[in-house]
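Novice: Let me give you the structure first, and then I'll get to my questions.
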Amino acid sequence: METIVLTFDQNKAILELNRPQALNAMDVKMLTELVDALRKIKESDASVVVIRGKGRGFSAGGDIKTMLAVDDPSQFQTVMKTIQEMIMLLYTMPKITVSLIHGPAAGLGFSFALASDYLIATKEARLAMNFIGIGLIPDGGGHFFLAQRVGTAKAKQIIWEGKPMSADEAQQLGLIDFIVEDEQQAEQAIASLQEKPLQAMIATKMLYVEQTKEDLLRVLELETDAQQRMRQTEDHREGVRAFLEKRKPVFGGR
(Lines give C-alpha, C1' and ligand atoms only; values in the text may rest on other atoms or scores of the structure.)
Protein backbone atom coordinates (compact mmCIF):
# COMPACT_ATOMS: atom_id res chain seq x y z
CA MET A 1 0.00 0.00 0.00
CA GLU A 2 1.23 3.47 -0.91
CA THR A 3 -1.28 5.81 0.71
CA ILE A 4 -1.71 3.81 3.92
CA VAL A 5 0.78 2.55 6.50
CA LEU A 6 -0.56 -0.36 8.55
CA THR A 7 1.37 -1.78 11.48
CA PHE A 8 0.56 -4.09 14.39
CA ASP A 9 1.91 -3.84 17.92
CA GLN A 10 0.75 -6.62 20.26
CA ASN A 11 -3.04 -6.14 20.53
CA LYS A 12 -3.02 -2.79 18.69
CA ALA A 13 -3.37 -2.01 14.99
CA ILE A 14 -2.11 1.38 13.83
CA LEU A 15 -3.51 2.74 10.57
CA GLU A 16 -1.81 5.88 9.24
CA LEU A 17 -3.11 7.97 6.36
CA ASN A 18 -0.04 8.59 4.22
CA ARG A 19 -0.56 11.44 1.75
CA PRO A 20 1.07 14.17 3.85
CA GLN A 21 1.82 16.33 0.79
CA ALA A 22 -1.98 16.60 0.26
CA LEU A 23 -2.92 16.85 3.97
CA ASN A 24 -4.03 13.23 3.64
CA ALA A 25 -6.87 14.12 1.29
CA MET A 26 -8.64 10.95 0.21
CA ASP A 27 -8.25 10.15 -3.48
CA VAL A 28 -9.60 6.99 -5.11
CA LYS A 29 -6.38 5.07 -4.42
CA MET A 30 -6.45 5.93 -0.72
CA LEU A 31 -10.12 4.97 -0.42
CA THR A 32 -9.41 1.59 -2.01
CA GLU A 33 -6.38 0.99 0.18
CA LEU A 34 -8.32 2.01 3.30
CA VAL A 35 -10.91 -0.67 2.52
CA ASP A 36 -8.13 -3.26 2.09
CA ALA A 37 -6.43 -2.18 5.34
CA LEU A 38 -9.67 -2.25 7.33
CA ARG A 39 -10.42 -5.77 6.05
CA LYS A 40 -6.98 -6.91 7.26
CA ILE A 41 -7.51 -5.29 10.65
CA LYS A 42 -10.93 -6.92 11.01
CA GLU A 43 -9.37 -10.37 10.51
CA SER A 44 -6.43 -9.66 12.85
CA ASP A 45 -6.05 -10.42 16.55
CA ALA A 46 -5.88 -6.72 17.45
CA SER A 47 -8.42 -5.45 19.98
CA VAL A 48 -7.62 -1.74 19.61
CA VAL A 49 -7.32 0.22 16.37
CA VAL A 50 -5.64 3.64 16.22
CA ILE A 51 -6.17 5.81 13.15
CA ARG A 52 -4.01 8.87 12.56
CA GLY A 53 -2.59 11.00 9.79
CA LYS A 54 1.02 11.59 8.79
CA GLY A 55 2.29 15.14 8.43
CA ARG A 56 0.41 18.31 9.38
CA GLY A 57 -3.10 16.93 9.79
CA PHE A 58 -5.49 14.02 10.06
CA SER A 59 -7.27 14.44 6.70
CA ALA A 60 -8.43 17.42 4.67
CA GLY A 61 -11.31 15.28 3.32
CA GLY A 62 -12.01 14.04 -0.18
CA ASP A 63 -9.45 15.04 -2.80
CA ILE A 64 -11.39 17.68 -4.75
CA LYS A 65 -9.27 17.50 -7.90
CA THR A 66 -9.71 13.73 -8.01
CA MET A 67 -13.45 13.99 -7.42
CA LEU A 68 -13.77 16.58 -10.20
CA ALA A 69 -12.28 14.07 -12.60
CA VAL A 70 -15.08 11.60 -11.83
CA ASP A 71 -17.68 12.83 -14.35
CA ASP A 72 -19.07 9.46 -15.38
CA PRO A 73 -22.10 8.64 -13.17
CA SER A 74 -21.06 4.98 -13.03
CA GLN A 75 -17.59 6.01 -11.85
CA PHE A 76 -19.17 8.24 -9.22
CA GLN A 77 -21.30 5.35 -7.99
CA THR A 78 -18.20 3.15 -7.76
CA VAL A 79 -16.37 5.76 -5.66
CA MET A 80 -19.37 6.19 -3.37
CA LYS A 81 -19.72 2.42 -2.95
CA THR A 82 -16.06 2.33 -1.88
CA ILE A 83 -16.75 5.08 0.67
CA GLN A 84 -19.78 3.16 1.93
CA GLU A 85 -17.73 -0.01 2.38
CA MET A 86 -14.94 1.89 4.14
CA ILE A 87 -17.33 3.50 6.61
CA MET A 88 -19.30 0.31 7.28
CA LEU A 89 -16.09 -1.64 7.89
CA LEU A 90 -14.88 0.90 10.44
CA TYR A 91 -18.25 1.39 12.16
CA THR A 92 -18.93 -2.34 12.51
CA MET A 93 -15.33 -3.24 13.37
CA PRO A 94 -15.30 -5.77 16.27
CA LYS A 95 -12.50 -3.80 17.91
CA ILE A 96 -12.28 -0.59 19.92
CA THR A 97 -11.41 2.13 17.41
CA VAL A 98 -9.73 5.46 18.12
CA SER A 99 -9.19 8.35 15.73
CA LEU A 100 -6.29 10.52 16.87
CA ILE A 101 -6.74 13.96 15.30
CA HIS A 102 -4.17 16.69 14.88
CA GLY A 103 -4.45 19.60 12.48
CA PRO A 104 -7.36 19.51 10.02
CA ALA A 105 -10.06 16.84 9.96
CA ALA A 106 -12.53 18.09 7.39
CA GLY A 107 -15.30 16.82 5.15
CA LEU A 108 -14.96 13.11 4.42
CA GLY A 109 -11.94 13.00 6.74
CA PHE A 110 -14.15 14.20 9.60
CA SER A 111 -16.91 11.69 8.71
CA PHE A 112 -14.29 8.91 8.71
CA ALA A 113 -13.01 9.93 12.14
CA LEU A 114 -16.57 10.06 13.52
CA ALA A 115 -17.06 6.40 12.57
CA SER A 116 -14.61 5.52 15.38
CA ASP A 117 -15.58 4.77 18.96
CA TYR A 118 -13.33 7.47 20.39
CA LEU A 119 -12.12 10.76 18.96
CA ILE A 120 -9.01 12.14 20.64
CA ALA A 121 -7.72 15.51 19.46
CA THR A 122 -4.68 17.63 20.14
CA LYS A 123 -5.30 21.26 20.98
CA GLU A 124 -4.34 22.48 17.50
CA ALA A 125 -6.91 20.23 15.81
CA ARG A 126 -9.43 21.92 13.52
CA LEU A 127 -12.61 20.09 12.57
CA ALA A 128 -15.15 21.00 9.89
CA MET A 129 -18.06 19.39 8.09
CA ASN A 130 -17.39 21.82 5.25
CA PHE A 131 -19.08 20.27 2.19
CA ILE A 132 -21.45 23.26 2.04
CA GLY A 133 -18.54 25.43 0.84
CA ILE A 134 -18.68 23.75 -2.56
CA GLY A 135 -22.43 23.26 -2.65
CA LEU A 136 -22.42 19.62 -1.55
CA ILE A 137 -23.72 17.64 1.42
CA PRO A 138 -21.79 15.47 3.87
CA ASP A 139 -21.05 11.91 2.80
CA GLY A 140 -19.28 9.06 4.54
CA GLY A 141 -22.20 8.88 6.97
CA GLY A 142 -21.64 12.43 8.22
CA HIS A 143 -25.38 13.00 8.70
CA PHE A 144 -25.70 9.80 10.77
CA PHE A 145 -22.68 10.38 13.00
CA LEU A 146 -23.41 14.05 13.71
CA ALA A 147 -27.03 13.26 14.62
CA GLN A 148 -25.84 10.45 16.90
CA ARG A 149 -23.54 12.78 18.79
CA VAL A 150 -25.37 16.12 18.88
CA GLY A 151 -28.97 15.48 17.76
CA THR A 152 -30.64 16.29 14.45
CA ALA A 153 -31.30 20.02 15.03
CA LYS A 154 -27.68 20.81 15.95
CA ALA A 155 -26.36 18.48 13.24
CA LYS A 156 -28.21 20.50 10.59
CA GLN A 157 -26.72 23.74 11.88
CA ILE A 158 -23.18 22.32 11.88
CA ILE A 159 -23.65 21.07 8.30
CA TRP A 160 -25.24 24.29 7.04
CA GLU A 161 -22.60 26.54 8.63
CA GLY A 162 -19.66 24.37 7.63
CA LYS A 163 -17.28 26.45 9.72
CA PRO A 164 -14.08 25.09 11.29
CA MET A 165 -14.21 24.28 15.00
CA SER A 166 -11.38 24.25 17.49
CA ALA A 167 -10.83 21.14 19.58
CA ASP A 168 -12.40 22.92 22.57
CA GLU A 169 -15.50 23.90 20.56
CA ALA A 170 -15.88 20.39 19.20
CA GLN A 171 -15.54 18.87 22.66
CA GLN A 172 -18.19 21.21 24.07
CA LEU A 173 -20.56 19.97 21.37
CA GLY A 174 -19.73 16.33 22.10
CA LEU A 175 -17.87 15.72 18.83
CA ILE A 176 -14.52 15.13 20.54
CA ASP A 177 -14.15 12.80 23.50
CA PHE A 178 -10.73 13.82 24.82
CA ILE A 179 -8.25 16.64 24.21
CA VAL A 180 -4.55 15.95 24.74
CA GLU A 181 -1.56 18.26 24.87
CA ASP A 182 0.69 16.21 22.62
CA GLU A 183 1.32 12.81 21.06
CA GLN A 184 2.88 11.45 24.25
CA GLN A 185 -0.29 12.18 26.21
CA ALA A 186 -2.33 10.58 23.43
CA GLU A 187 -0.22 7.43 23.66
CA GLN A 188 -0.79 7.37 27.43
CA ALA A 189 -4.55 7.56 26.88
CA ILE A 190 -4.42 4.69 24.40
CA ALA A 191 -2.22 2.63 26.75
CA SER A 192 -4.78 3.18 29.50
CA LEU A 193 -7.52 1.99 27.14
CA GLN A 194 -5.56 -1.19 26.40
CA GLU A 195 -5.65 -2.06 30.11
CA LYS A 196 -9.45 -2.17 30.20
CA PRO A 197 -11.61 -5.31 29.82
CA LEU A 198 -11.70 -4.89 26.05
CA GLN A 199 -13.79 -7.96 25.24
CA ALA A 200 -16.61 -6.66 27.44
CA MET A 201 -16.32 -3.24 25.80
CA ILE A 202 -16.41 -4.81 22.33
CA ALA A 203 -19.48 -6.87 23.28
CA THR A 204 -21.32 -3.67 24.25
CA LYS A 205 -20.20 -1.98 21.04
CA MET A 206 -21.43 -4.81 18.86
CA LEU A 207 -24.78 -4.83 20.62
CA TYR A 208 -25.28 -1.21 19.56
CA VAL A 209 -23.87 -1.89 16.10
CA GLU A 210 -26.49 -4.58 15.50
CA GLN A 211 -29.20 -2.08 16.37
CA THR A 212 -27.95 0.74 14.15
CA LYS A 213 -25.94 -0.61 11.21
CA GLU A 214 -28.94 -0.78 8.85
CA ASP A 215 -29.76 2.85 9.66
CA LEU A 216 -26.20 3.87 8.80
CA LEU A 217 -26.29 1.92 5.54
CA ARG A 218 -29.55 3.63 4.60
CA VAL A 219 -28.04 7.07 5.34
CA LEU A 220 -25.01 6.23 3.19
CA GLU A 221 -27.30 5.29 0.31
CA LEU A 222 -29.38 8.47 0.72
CA GLU A 223 -26.19 10.55 0.82
CA THR A 224 -25.02 8.98 -2.44
CA ASP A 225 -28.30 9.80 -4.21
CA ALA A 226 -28.39 13.36 -2.89
CA GLN A 227 -24.71 13.97 -3.62
CA GLN A 228 -25.23 12.92 -7.23
CA ARG A 229 -27.99 15.53 -7.54
CA MET A 230 -25.92 18.24 -5.84
CA ARG A 231 -23.06 17.65 -8.28
CA GLN A 232 -25.38 18.82 -11.07
CA THR A 233 -26.26 22.15 -9.42
CA GLU A 234 -25.01 25.58 -10.39
CA ASP A 235 -24.11 26.24 -6.75
CA HIS A 236 -21.72 23.29 -6.80
CA ARG A 237 -20.09 24.48 -10.01
CA GLU A 238 -19.71 27.96 -8.50
CA GLY A 239 -18.30 26.52 -5.28
CA VAL A 240 -15.66 24.57 -7.20
CA ARG A 241 -14.76 27.59 -9.34
CA ALA A 242 -14.38 29.72 -6.22
CA PHE A 243 -12.25 27.04 -4.55
CA LEU A 244 -9.92 26.78 -7.54
CA GLU A 245 -9.78 30.58 -7.92
CA LYS A 246 -9.26 31.01 -4.14
CA ARG A 247 -12.17 33.40 -3.67
CA LYS A 248 -15.47 33.49 -1.78
CA PRO A 249 -18.27 31.73 -3.68
CA VAL A 250 -21.40 33.59 -4.77
CA PHE A 251 -24.26 31.11 -4.47
CA GLY A 252 -27.61 31.59 -6.14
CA GLY A 253 -29.60 28.75 -4.62
CA ARG A 254 -29.72 26.84 -7.93
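Novice: Give me the dipole magnitude in Debye, nearest 20, for the chain about the Cα centre, with unit charges on the beta carbon: positive for Lys and Arg, negative for Asp and Glu.
Specialist: With only Lys, Arg, Asp and Glu charged at Cβ, the dipole is about 520 debye.
Novice: Can you work out the FRET efficiency for the pair ALA200 and LYS29, with r the C-beta to C-beta distance and R0 = 45 Å, to the nearest 0.05?
Specialist: Computed FRET efficiency for ALA200 and LYS29 comes out at 0.75.
Novice: Right, something else. Quick check on the chain: of the DSSP beta bridges with both residues there, what percent are antiparallel, nearest 5%?
Specialist: 25 percent
Novice: Related question: So what J values fall out for segment 91-108 if you push phi through Karplus, 6.51 cos²θ - 1.76 cosθ + 1.60 with θ = phi - 60°, rounded to Hz, Gly and Pro as x?
Specialist: Rounded to whole hertz, the list is 5, 9, 4, x, 9, 8, 10, 10, 9, 9, 10, 10, x, x, 9, 10, x, 4.
Novice: Rank by packing, highest mean first: peptides 203-214, 163-174, 118-129, 20-31, with packing defined as the count of other Cβ atoms within 10 Å averaged across residues.
Specialist: Working: 203-214: 11.9, 163-174: 16.7, 118-129: 22.4, 20-31: 20.2.
Result, highest mean Cβ count within 10 Å first: 118-129, 20-31, 163-174, 203-214.
Novice: Can you show me the helix-derived [θ] at 222 nm for the chain, built from DSSP H runs with n ≥ 4 at -39,500 (n - 2.57) apiece and divided by the number of residues, rounded to the nearest 500.
Specialist: That comes out to -16000 deg cm²/dmol.
Novice: Still on this model: What residue among GLN185, THR152, LEU244 has its Cα farthest toward the positive end of the dipole of segment 151-254, where the charges are +1 on Lys, Arg and -1 on Asp, Glu, each on the Cβ?
Specialist: Farthest towards the positive pole: LEU244.
Novice: Right, another one. Could you give the accessible area per residue of the chain, probe 1.4 Å, as a whole number in Å²?
Specialist: Here the residues of the chain average 47 Å² of exposed surface.
Novice: By how many nm would the segment from GLN21 to ALA153 lengthen if fully extended, with 0.36 nm per residue of separation less the alpha-carbon distance?
Specialist: Extra length from GLN21 to ALA153 when fully extended: 43.9 nm.
Novice: So, one more: Between ASP182 and ASP36, what is the label-point separation in nm under the 7 Å Cα-to-beta-carbon projection?
Specialist: Here the modelled spin labels are 3.6 nm apart.
Novice: Which FRET efficiency, nearest 0.05, do LYS123 and ARG254 yield, Cβ-Cβ r, R0 35 Å? Walk me through the numbers before you get to the answer.
Specialist: Values: r = 41 Å, r/R0 = 1.16.
My answer for the efficiency is 0.30.
Novice: Follow-up. Go through 9-15, 147-153 and give me the packing order, highest mean Cβ count within 10 Å leading.
Specialist: On the way: 9-15: 16.6, 147-153: 14.0.
Highest mean packing first, the order is 9-15, 147-153.
Novice: Kindly write out, for segment 41-52 in residue order, the coupling ³J(HN,Hα) from the Karplus curve 6.51 cos²θ - 1.76 cosθ + 1.60 (θ = phi - 60°), rounded to whole Hz, with x marking Gly and Pro.
Specialist: With coefficients 6.51, -1.76 and 1.60, one gets 5, 4, 8, 7, 8, 4, 9, 10, 10, 10, 10, 8 Hz.
Novice: Oh, and also: Please give the FRET efficiency for LEU173 paired with LEU207, using the beta carbon to beta carbon distance and R0 = 35 Å, rounded to the nearest 0.05. Show your work: numbers first, answer last.
Specialist: Values: r = 26 Å, r/R0 = 0.73.
Efficiency at R0 = 35 Å is approximately 0.85.
The values are calculated or read from the model by the stated rules, or taken from the named source; none is laboratory data. This structure is a prediction, so every number in the text was calculated from the model and none was measured. Don't worry about glycine lacking a Cβ; one is built from the backbone with ideal geometry, like all the others, and counts go over all protein chains shown. Each accessible area value is taken on the protein alone, full model and side chains, heavy atoms only, with ligands, DNA and RNA left out. Shrake-Rupley method; radii C 1.70, N 1.55, O 1.52, S 1.80 Å.
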